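Notes for the one structure printed next.
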Amino acid sequence: MGTCEVLRIGHRPERDKRITTHVALTARAFGACKIFLSKPDSRIIDTVGKVTEKFGGDFIIETTTNPKAIVKNWVGTTIHLTMFGLPIDDNLEDIKKCKGPLLFVVGAEKVPPWVFEHSDFNIAIGSQPHSEVSALAIALSKINDVSYSQNFEGQLQVVPSGERRKMKNRSEVDY
Ligand code: SAM
C-alpha cells in the first residue's frame, strides 16, 4: 500500500469552513500526506498551515478547480467514502493490496454521480449517514495500523498526561 491523500469535494466556503478544516486536520493527524480542496479557501489553508508549522509533518494543501480530473487521472487507487458504498470491513484486504497512492474522496452535500462512476471503490463506514470527518478518520485508521500514532517531530509536542494539558517545545519548556 502506498501513501494516502484526500480529495474534499463540494466545499461551500460560506457553510463548510469549520468542517472542511476538520477534514484537513483529520487527514493530517491520521497519516495522509496531502489534501485537495475543490474550492479555494485561504482561511483553511492558513489554519492548517499553522498547525503543521507548530506540530510538524509535511502535510500539503492544494486547491483544484477540476476534482473530476484528479479522480479520473489518479495513478493509484481511488476510494470514495459514502454511506451508499460497500462495507469497509469486507473490502479491507483488497484495498490494502492496492499499489500506488490511495486517494480518499469525501463529499459535503449530495455527491455527483461521476464520483461513484470513476472511483475504484465506493466504501461505507456503516450504512447510516454521519460525517466526512468520522468516515475519513475510521477509514484511515483501518487501512493503516499506525495512522494516528505517528511522531510528527514538531516544534510543539503534546506530553501525554492523565491530569492536565502539557506540551513541550524543542527547548524543553513546559506549557
Ligand atoms: N447523503 C449524503 C451522501 O451522499 O453520502 C451524506 C453527506 S455527508 C453530510 C458528507 C460526506 O460524509 C459524504 O459525502 C461522505 O463522504 C461522508 N459520509 C457520511 N456518512 C458516511 C458513511 N456512512 N460512510 C462513508 N462516508 C460517509
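Overview of results
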quantity: Test: residue in region 121-138 that is in contact with an Asp or Glu (Cβ under 6 Å, 6 or more places away or on another chain), closer than 21 Å to residue 69 by Cβ and of a type outside the set (Gly, Ala, Ser); calculated: no
quantity: Qualifying residue in region 63-75 (condition: aromatic (Phe, Trp, Tyr), closer than 19 Å to residue 140 by Cα and open to solvent by 20 Å² or more (accessible area, probe 1.4 Å)); calculated: yes
quantity: Neighbours by Cβ (under 7 Å, 6+ apart or cross-chain): first from region 82-96, over 16 Å from residue 134 (Cα atoms); second of a type in the set (Val, Ile, Thr) and within 12 Å of the ligand (Cβ to nearest atom); calculated: 86/123; 91/123; 95/79
quantity: Residues that are open to solvent by less than 80 Å² (accessible area, probe 1.4 Å) and hydroxyl-bearing (Ser, Thr, Tyr), drawn from region 137-148; calculated: 141, 147
quantity: Flag for residue 19 being within 24 Å of residue 121 (Cβ to Cβ), within 14 Å of the ligand (Cβ to nearest atom), of a type in the set (A, V, I, L, M) and outside any loop (DSSP other than H, G, I, E, B); calculated: yes
quantity: Residues within region 22-55 that are in a loop (DSSP other than H, G, I, E, B), out of contact with any Cys (no Cβ under 6 Å at 6 or more places or on another chain) and among the aliphatic types (A, V, I, L, M), tallied; calculated: 0
quantity: Boolean, residue 117 is assigned to a loop (DSSP other than H, G, I, E, B), more than 11 Å from the ligand (Cβ to nearest atom), open to solvent by 60 Å² or more (accessible area, probe 1.4 Å) and free of Cβ contacts under 8 Å to residues at least 12 places away in the same chain; calculated: no
quantity: Residue 58, sole failed condition from (1) in a helix (DSSP H, G or I); (2) acidic (Asp, Glu); (3) over 19 Å from residue 134 (Cβ atoms); calculated: (1)
quantity: The listed residue being part of a loop (DSSP other than H, G, I, E, B), under 17 Å from residue 6 (Cα atoms) and in contact with a helix residue (DSSP H, G or I) (Cβ under 7 Å, 6 or more places away or on another chain), out of 139, 108; calculated: 108
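So that you can scan it fast, the table gives a plain yes or no per residue for (1) outside any strand (DSSP E or B); (2) within 16 Å of the ligand (Cβ to nearest atom); (3) surrounded by 17 or more Cβ atoms within 10 Å (Cβ to Cβ):
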| position | (1), (2), (3) |
| --- | --- |
| 80 | no, yes, yes |
| 103 | no, yes, yes |
| 123 | no, yes, yes |
| 133 | yes, yes, yes |
| 162 | yes, no, no |
| 168 | no, no, no |
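The values are calculated or read from the model by the stated rules, or taken from the named source; none is laboratory data. From a predicted model like this one, the values you see are computed outputs, not experimental measurements. Every residue, glycine among them, receives a Cβ derived from its backbone with ideal geometry; neighbour counts consider all protein chains shown. When the accessible area is computed, the model is the full protein with side chains, heavy atoms only, and any ligands, DNA or RNA have been set aside. Shrake-Rupley method; radii C 1.70, N 1.55, O 1.52, S 1.80 Å.
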